[in-house]
Amino acid sequence: MNHSINTKFILTAANAIQANILANESTLESLDRAIGDGDHYINMKRGANVIVEMQAELAPLTPEDALGKIGLKLLSTIGGASGPLLASFFMSMGKVLKENGDESTLKIAAAFAAGVQAIIQRGKADIGEKTMLDVLIPVSNQFVLLAAQKCDVKLICATLMHTAEQGMLATKDLIATKGRAAGLGERAIGHIDPGAKSCQLMVEAVCKQVLES
Ligand code: ADP
Ligand code: MG
């Protein structure tokens, strides 16, 4: 089964992401306090709130333009390392959907993968460096693989939620080689990366929305 993306889905997803970030305030706070500077929850909350407040402005746009606008807004709103990285994800995803179309699950997966590539390029990081990419790279690879196999979209979402969870948990045993936590050496071991946790929460929110539809 193929699924295209629409702006209403994006707006509902923004609400679901906001709810999941707000519901995990103490987790995100304490993770960034342990291996960062403690602002990650505030950054994510500010980003989620500003997108939800843009609903009326986004609603008339095509999904591609809505994603591009979300990226630009995040760039000017979220501070820290995570802001420009997440912004480049949404801008690239929107750009690739615009160029290649959005009428199949595989095209949506390919646009998601392009968004993740943009984060890799901007942050010059890769898998295994204890960052958000430890969630996003496996999720992106799995998404493209399952979409290419024409897997049912609900099965894809159930699998991606699991992949995100595994990637997030795997950051606990890693030493950070990018971002603020890189200065901690072995002291970062035993703590989940905050950006990996917030990306897992975002993947979970969007996948649950599809599963419940
Ligand atoms: P800051 O580190 O500037 O305080 P945040 O606390 O909002 O910004 O975000 C920290 C998160 O950003 C980290 O947990 C990590 O997941 C992610 N991050 C930091 N640097 C990179 C990078 N180069 N590539 C990918 N993700 C990164
Ligand atoms: Mg921080």
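In the set (1) over 27 Å from residue 65 (Cα atoms); (2) of a type in the set (Val, Ile, Thr); (3) touching a Gly at 6+ places or on another chain (Cβ under 9 Å), residue 139 fails one condition alone, (1).
Just one of the listed residues (78, 35) is in contact with a Gly (Cβ under 6 Å, 6 or more places away or on another chain), among the aliphatic types (A, V, I, L, M) and within 12 Å of ligand 2 (Cβ to nearest atom), namely 78. Does residue 128 satisfy being over 25 Å from residue 15 (Cα atoms) and either free of Cβ contacts under 8 Å to residues at least 24 places away in the same chain or away from ligand 2 (no atom under 16 Å from the Cβ) (or both)? Taking the combined requirement at face value, the residue satisfies it. Exactly one residue among 20, 43, 49 is part of a helix (DSSP H, G or I), polar (S, T, N, Q), within 16 Å of ligand 1 (Cβ to nearest atom) and buried (at least 16 other Cβ atoms within 10 Å of the Cβ), and that residue is 43. Please state which of the following conditions residue 148 fails to meet, knowing it meets all the rest: (1) within 16 Å of ligand 1 (Cβ to nearest atom); (2) over 21 Å from residue 26 (Cα atoms); (3) loosely packed, with under 14 Cβ neighbours inside 10 Å. The one condition residue 148 does not meet is (1). The set of residues from the stretch 151-192 being more than 16 Å from ligand 2 (Cβ to nearest atom), in a loop (DSSP other than H, G, I, E, B) and either in contact with a Cys (Cβ under 8 Å, 6 or more places away or on another chain) or in contact (Cβ under 8 Å) with a residue 60 or more places away in the chain (or both) comprises just one member, 152. Taking every residue in the stretch 90-107 that is of a type in the set (Lys, Arg) and pairing it with any residue that is part of a loop (DSSP other than H, G, I, E, B), at least 6 positions away or on another chain, the pairs with Cβ-Cβ distances below 7 Å are 107/101.
So that you can scan it fast, the table gives a plain yes or no per residue for (1) of a type in the set (A, V, I, L, M, F, W, C); (2) free of Cβ contacts under 8 Å to residues at least 40 places away in the same chain; (3) touching a strand residue (DSSP E or B) at 6+ places or on another chain (Cβ under 9 Å):
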| site | (1), (2), (3) |
| --- | --- |
| 10 | yes, no, no |
| 15 | no, yes, no |
| 26 | no, yes, no |
| 33 | no, yes, no |
| 49 | no, yes, no |
| 57 | no, yes, no |
| 62 | no, no, no |
| 66 | yes, no, no |
| 70 | yes, no, no |
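Of the residues 73, 8, the single one that is of a type in the set (Lys, Arg), crowded, with 18+ Cβ neighbours inside 10 Å and either at pLDDT 95 or above or more than 16 Å from residue 193 (Cβ to Cβ) (or both) is 73.
The values are calculated or read from the model by the stated rules, or taken from the named source; none is laboratory data. This is a predicted model, so every value here is computed, not measured. Backbone-built Cβ (ideal geometry, glycine too); neighbour counts: all protein chains shown.
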